[in-house]
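I have placed the structure first, in the form of structure tokens, so that the comments after it can refer back to it.
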Amino acid sequence: MPERQTLEAASDIAALDQLLAVAGLDLVDVGCGAGKLSRELAQRGARVLGVDPDALQAAKNREAPAEEGLRFAEAPAIALPLDDGSQDGVIMSRSLHHMAIDEMEPALREAVRVLRRSGFLYVLEPDYSGSYWDLQKSFNNESPARLAALETLDRAAPVLFGEMQEYWYDLSVSFPDFETYLEATLSRTHVKFERHRVDTPQVRARFEAARGEDGHRFAQPVRLRLYRGIKNG
């Protein structure tokens with residue numbers, strides 16, 4: 001495993017900007033959610049397809065204001081609506097751990113299918129540590145899924161790619177008040193929570209413990225892996 005490298009980045013796109021120049025590239029953002037990163041990539045001159053398997057989210061994305069160089073589609077990670085060897089990069093931003101475990105490795109192989117030989121796979125995964133994780137895990141303990149995603153990368157990616165670089169950075173996640181946090185959590189489409197699971201004394205206490213002068217701020221460490229060098233076969 002290469003030595004751990006740390007980036008100073010206040011956002012996901014700020015981290016990406018330090019590693020890649022995407023202008024003129026064909027990229028697919030797999031599991032794009034509401035498309036924030038997809039839009040930021042298009043604004044940097046990339047031609048981007050944002051795909052999400054959630055029908056509701058995909059419909060919202062298609063109905064959103066148009067962005068030059070950006071289009072959206074509804075599709076699972078294991079069946080991307082793209083030709084073989086058509087992409088310069090595949091982005092998986094916090095999406096691998098949301099897949100069924102038996103679809104994680106096929107999703108990596110699907111990424112290789114659509115990549116050009118010179119292409120890259122860019123994977124972001126939130127670590128199961130930090131104050132934001134502590135806040136979330138009482139009602140949404142994703143540690144088994146996040147661990148499965150990491151184990152899949154460790155096992156399958158070296159068979160598919162010859163090179164890997166790993167980086168870490170710490171994101172700051174903030175909310176002005178608990179109601180804003182609650183609304184953001186309950187409005188997610190890829191996973192649904194009942195209010196009574198989130199709005200508990202334990203969650204409120206952890207939220208209030210993060211109070212500062214500018215709201216409630218939490219730390220979320222992020223693991224970033226950049227794969228290159230597609231192997232034959």
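The values are calculated or read from the model by the stated rules, or taken from the named source; none is laboratory data. If you're wondering where the values come from, they're calculated on a predicted model, not measured in any experiment. As a convention, Cβ positions derive from the backbone with ideal geometry for all residues, glycine included, and neighbour counts pool all protein chains shown. Surface accessibility is based on the protein's heavy atoms, side chains included, excluding ligands, DNA and RNA. Shrake-Rupley method; radii C 1.70, N 1.55, O 1.52, S 1.80 Å.
The condition (being touching a residue at least 40 places away in the same chain (Cβ under 8 Å), under 21 Å from His98 (Cα atoms) and of a type outside the set (S, T, N, Q)) is satisfied by just one residue among Leu16, Leu37: Leu37.
Listed conditions (1) surrounded by 21 or more Cβ atoms within 10 Å (Cβ to Cβ); (2) under 18 Å from the mean Cα position of the chain (by Cα) are all met by Arg109, apart from (1).
Total residues in region 179-217 satisfying the condition of being of a type in the set (Gly, Ala, Ser), under 23 Å from the mean Cα position of the chain (by Cα) and exposed (fewer than 11 other Cβ atoms within 10 Å of the Cβ): the figure is 1. Of the residues making up region 164-199, those that are at pLDDT 90 or above and assigned to a loop (DSSP other than H, G, I, E, B) are Pro176, Asp177, Asp199. When region 115-135 is examined, which residues are found to be closer than 14 Å to Leu160 by Cα and open to solvent by 30 Å² or more (accessible area, probe 1.4 Å)? Across region 115-135, the qualifying residues are Arg116, Arg117, Ser118.
When region 71-98 is filtered for residues that are open to solvent by 30 Å² or more (accessible area, probe 1.4 Å) and not charged (D, E, K, R), the ones remaining, listed by number, are Phe72, Pro76, Ile78, Ala79, Pro81, Gly85, His98.
The set of residues in region 145-166 that are open to solvent by less than 20 Å² (accessible area, probe 1.4 Å) and out of contact with any Lys or Arg (no Cβ under 7 Å at 6 or more places or on another chain) comprises Ala148, Ala149, Thr152, Ala156, Ala157. Scanning region 25-46 for residues that are open to solvent by 10 Å² or more (accessible area, probe 1.4 Å), closer than 12 Å to Ser93 by Cβ and not acidic (Asp, Glu) returns Gly31, Cys32, Gly33, Ala34, Lys36, Leu37.
Assess whether Phe120 counts as being in a strand (DSSP E or B), more than 25 Å from Asp29 (Cα to Cα) and not basic (Lys, Arg). Steps first, please.
Values: in a strand (DSSP E or B): yes; more than 25 Å from Asp29 (Cα to Cα): no; not basic (Lys, Arg): yes.
No; evaluated as a whole, the condition is false for this residue.
Filter region 222-233 down to residues that are open to solvent by less than 20 Å² (accessible area, probe 1.4 Å) and of a type outside the set (A, V, I, L, M) and give me whichever is nearest to Met92 (Cα to Cα). Only one residue tops the list, namely Arg225. Within region 1-37, the residues that satisfy the criterion of being under 20 Å from Ala219 (Cβ atoms), over 15 Å from the mean Cα position of the chain (by Cα) and of a type outside the set (A, V, I, L, M, F, W, C) are Arg4, Gln5, Thr6, Glu8, Gln18.
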